[in-house]
Each structure stands twice: as structure tokens, then as C-alpha cells.
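The structure under discussion appears below in the form of C-alpha cells.
Computed from the coordinates by the stated procedures, all read-outs in this text should not be read as laboratory data. All figures in this text were calculated on a predicted structure; none of them were measured in a lab. Positions of Cβ are generated from backbone atoms using ideal geometry, with glycine treated the same way; all protein chains shown enter the neighbour counts.
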Ligand SMILES: [Zn+2]
């Protein structure tokens, strides 16, 4: 199945709300269907000199993506995505 880069970026959002914290699953992991607003990239703001903060059409903006992380994702997008899907599968969810 084709998943666009924007959707992947939102799925991989590193914030506590999406990704979960303290061993709790995040909001996105428990929610297999994202709305178009949730995966539509509205804007990108720089955070200092080290990161970008995407602002999604639904107003979500707590995910901070470091340049380093984005570069890594760019290079290893397929592998990272496959790992993400595998992790979800292991958690008993099919995203
Ligand atoms: Zn998030």
C-alpha cells in the first residue's frame, strides 16, 4: 500500500501525545484511521537551528523533528516505515 511521505511523517510524530509515553501507547497507535486534516501538512516552522516543527491542518504542532532525524528518515524511509509497521503489528494493531 502506498503511504505518502506526509502521512508517514505524521504517523512517526515523536511527541508524547502521538507516540505515547511511560510505556503507554500513543494516540495515533490506537487510532488506525487518521483524518485528512491530521495528515495534511499546513506549515513548517524552524525550531532554533536544530529542528523543524510541522503544523498539521488539524492544529497539531507538538512534534519536533530534528534535522538529523529528518535526514535519517529521508535516507531510510522504507526501512523506518517497515520497522514502524512491524512494531504496530507486534502490538496487535494493524495501524
Ligand atoms: Zn504528535
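Just a few scattered comments:
- Per residue, the chain reaches -10500 deg cm²/dmol at 222 nm when only DSSP H runs of four or more residues are counted, each adding -39500 (n - 2.57).
- Selected from 54, 14, 32 as most flexible by GNM, with the chain as the system and alpha-carbon contacts under 10 Å: 32
- This ranking places 85, 12 by how few other beta-carbon atoms lie within 10 Å of each, fewest first, which gives 85, 12.
- In plain terms, the residue of 4, 66 with the fewest other Cβ atoms within 10 Å comes first and the most crowded comes last, giving 4, 66.
- The three principal axes of the C-alpha atoms in region 45-95 carry coordinate ranges of 37, 27, 14 Å, sorted with the longest axis first.
- The alpha-carbon atoms of region 5-90 define a convex hull whose volume equals 94 cubic angstrom per residue.
- The chain, relative contact order in percent, only Cα pairs under 8 angstrom and at least six apart counted: 23 percent
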